[in-house]
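Chemist: Please find one structure pasted underneath; my questions will follow.
Read-outs throughout are calculated quantities, based only on the coordinates presented, and are distinct from any laboratory measurement. Because the structure is predicted, anything quoted here is derived from the model rather than measured. Cβ placement follows ideal geometry from the backbone for every residue including glycine, while neighbour counts extend to all protein chains displayed.
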Amino acid sequence: MANKKNLKKDVDFLVSEVVSDCYTFMLIHGNKNQDKALAIIETMLEKRNELVTRINNPENKHDAKAVKAHYKAIQEDLMVAVDDCFTKLSEITK
């Protein structure tokens, strides 16, 4: 992990990619599955807020290994959430 600033930028970038793809889906398909796309957007925005809160508040600030593990867990949770939302979006496009 480079630093908290870059991790926050990664979170914002990946969340914005998911949201952008959902809006593109809604623009192309109109009202078809619009509620599902909005649910994906809502899920990602809630996850973004959760991850930023976790980034700003590491659990054990004095233990370097614990802090490193904390940020690694955040990165993994981000990737899982983004992958899950892209999978859901892919399913509703069928």
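Chemist: Residue by residue through region 53-78, note down the ones that are farther than 13 Å from LYS8 by Cα and among the aliphatic types (A, V, I, L, M).
Modeler: Correct list: ALA64, ALA66, VAL67, ALA69, ALA73.
Chemist: Right, here's the next one. Could you list, in sequence order, all residues of region 54-72 that are under 22 Å from SER16 (Cβ atoms) and surrounded by 12 or more Cβ atoms within 10 Å (Cβ to Cβ)?
Modeler: Filtering region 54-72 down to residues under 22 Å from SER16 (Cβ atoms) leaves 54-56, 71.
Result: ARG54, ILE55, TYR71.
Chemist: Among the residues of region 5-19, are any among the small types (Gly, Ala, Ser), crowded, with 18+ Cβ neighbours inside 10 Å and out of contact with any strand residue (DSSP E or B) (no Cβ under 8 Å at 6 or more places or on another chain)?
Modeler: no
Chemist: Next question. Might you let me know whether region 32-39 holds any residue that is in contact (Cβ under 8 Å) with a residue 24 or more places away in the chain and not aliphatic (A, V, I, L, M)? If you could, list the steps in order and put the result at the bottom.
Modeler: First, the residues of region 32-39 that are in contact (Cβ under 8 Å) with a residue 24 or more places away in the chain: 33, 36-37.
Remaining after also requiring not aliphatic (A, V, I, L, M): 33, 36.
There is at least one residue in region 32-39 that is in contact (Cβ under 8 Å) with a residue 24 or more places away in the chain and not aliphatic (A, V, I, L, M).
Chemist: So, in region 23-42, of the ones that are more than 16 Å from the chain's Cα centre (by Cα) and β-branched (Val, Ile, Thr), which residue ends up surrounded by the fewest Cβ atoms within 10 Å (Cβ to Cβ)?
Modeler: Here the answer is ILE28.
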